[in-house]
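S.K.: Quick one: the structure is below, and I'll ask about it shortly.
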Amino acid sequence: MKSQSRPARRPSGKRPKGSKVERQVFRRKRPPVPWKQAAAGVLIAAAGVGLVVGLMQLPQRLDTLLLLSTALANVIRGVQLLLLGLLQVVAVVLLVAVAVGALVLVVAGLVRFVRAFLSRKKPPGLP
């Protein structure tokens, strides 16, 4: 394979002699046009006024207090169910841990019982 030779790179920050072109990075931003700023301000204010008017009409269309109390009741019920579920999971984990512990104790007891009756030969030289 033949490697292509790249042209030599100039060190950053150095321009060729005679170059009067300013780099794009250091160009100054143009100041914003006043009528664009004014139009954006009017549109933002109009959106805010529209939202306020919509919020003011909301109590006429539905009972806000009933909606709020129902939402709070649902949140409380959900938290209760979550905590009850977590408590049940902890209880199951605790029961499994106790069952595994019981099995380990049974196996350890059987191993010790069997080892007690197995004859062990003493190595020579020990009393």
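S.K.: Working from the alpha-carbon coordinates of the stretch 65-112, get Rg over Rh, Rh being the Kirkwood radius.
M.R.: Looking at the stretch 65-112, the ratio lands at 1.51.
S.K.: Quickly work out the Ser69-to-Ala46 label distance, labels modelled 7 Å from Cα along the C-beta direction, and quote it in nm with one decimal.
M.R.: Output for this residue pair reads 4.1 nm.
S.K.: With Kirkwood's inverse mean 1/r over C-alpha pairs for Rh, give me the Rg to Rh ratio of the stretch 43-94, two decimals please.
M.R.: Taking Rg over the Kirkwood Rh, I get 1.39.
S.K.: How far apart, in nm, are the 7 Å Cα→Cβ label points at Leu82 and Ser119?
M.R.: Calculated label separation equals 6.8 nm.
S.K.: Further question on the same structure: With the calculation restricted to Cα positions, what are the radius of gyration and Dmax of the stretch 38-127 in angstrom?
M.R.: Both quantities, over Cα of the stretch 38-127: 35.6, 105 Å.
Laboratory data are not the source of any read-out in this text; all were calculated from the coordinates shown. Since we're looking at a predicted model, the values are computed, not measured. All Cβ positions, glycine included, derive from the backbone under ideal geometry; neighbour counts span all protein chains shown.
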